[in-house]
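Structure record follows, encoded as structure tokens.
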Amino acid sequence: MEKIVLGADHAGFRLKERVAAHLRDKGYPVEDIGCHSEDSVDYPAISVQVAEAMKRLQDKSAPDEVVRGLICCGSGIGVCISANRFPWVRALEAHDHNTAILSRRHNDSNVLCLGGRVIAPELAFELIDTWMSTPFDGGRHQKRVDMMTGITVENQGASAEGDPKEIPAC
């Protein structure tokens, strides 16, 4: 069973609480890293905590066990940008099913970011269920996921394929 690390800032707190109950009702083990009230907190700090908890849990897990993250803020955008600073995170912000599906099938996304001020809890539950049940296609997409993982501050733009200027684009 997949493990879920769940976090939110103050603007996503109410949605996070509903999402936590939804995930637990579905049988997922959930590690709720906070926040635990509507008192103001900085969303980048929540993204850092989710990313670090995911790494810690993945390092302790069997190779075939999957750890995913779910982060809520007001729009879903700020936590997504912050979470994507970590090379093991492939976060997306979703408002529709197609985005959730494509992020899993083509990008092997492992963090779903939702906006508590922009989507209703019922839609959030549908998006979560869709995202959780959609497999990664692998194949030609694996190379691209590996390239994304290899992008770091130290080698921005470089990849296992060599100089990015030598990699054919369009």
Subject >> Whichever residue in region 1-24 is over 21 Å from PRO135 (Cα atoms) and among the acidic types (Asp, Glu) and, among such residues, is surrounded by the most Cβ atoms within 10 Å (Cβ to Cβ) >> reply: ASP9
Original post:
Just for region 59-74: of the residues that are farther than 21 Å from THR134 by Cα and in contact (Cβ under 8 Å) with a residue 60 or more places away in the chain, which one is surrounded by the fewest Cβ atoms within 10 Å (Cβ to Cβ)?
Top reply: GLY74
Original post:
Before we move on, is PRO87 modelled with pLDDT under 95 and farther than 16 Å from ASP9 by Cβ?
Top reply: yes
Original post:
Taking CYS80, is it over 25 Å from MET147 (Cβ atoms) and surrounded by 23 or more Cβ atoms within 10 Å (Cβ to Cβ)?
Top reply: no
**OP:** Scan region 101-115 for residues that are out of contact with any Asp or Glu (no Cβ under 9 Å at 6 or more places or on another chain) and under 27 Å from HIS10 (Cα atoms) and report the count.
**Re:** 4
Original post:
Out of curiosity, is ARG85 out of contact with any strand residue (DSSP E or B) (no Cβ under 9 Å at 6 or more places or on another chain), among the basic types (Lys, Arg), open to solvent by 10 Å² or more (accessible area, probe 1.4 Å) and under 22 Å from ILE151 (Cα atoms)?
Top reply: yes
**OP:** Pull up region 105-119, narrow it to residues that are farther than 13 Å from GLU2 by Cα and in contact with a Gly (Cβ under 6 Å, 6 or more places away or on another chain), then point me to the one that is most open to solvent (accessible area, probe 1.4 Å).
**Re:** ARG117
Subject >> Flag if GLU122 is closer than 20 Å to ASP25 by Cβ, open to solvent by 10 Å² or more (accessible area, probe 1.4 Å) and either in a helix (DSSP H, G or I) or at pLDDT below 95 (or both) >> reply: yes
Original post:
So which residues in region 22-69 are part of a loop (DSSP other than H, G, I, E, B), touching a helix residue (DSSP H, G or I) at 6+ places or on another chain (Cβ under 9 Å) and among the small types (Gly, Ala, Ser), if there are any at all?
Top reply: GLY34, SER37, SER40
Original post:
Do the conditions hold for TYR28, that is, is it under 12 Å from GLY116 (Cβ atoms), open to solvent by 40 Å² or more (accessible area, probe 1.4 Å) and not acidic (Asp, Glu)?
Top reply: no
Original post:
Based on what the data block shows, is VAL145 open to solvent by less than 50 Å² (accessible area, probe 1.4 Å) and modelled with pLDDT under 95?
Top reply: yes
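The values are calculated or read from the model by the stated rules, or taken from the named source; none is laboratory data. Note that this is a predicted model, so its numbers are computed, not measured. Because the Cβ atoms are built from the backbone with ideal geometry, glycine has one as well, and the counts that use them run over all protein chains shown. These area figures cover heavy atoms from the full protein model, side chains too; ligands, DNA and RNA do not enter into them. Shrake-Rupley method; radii C 1.70, N 1.55, O 1.52, S 1.80 Å.
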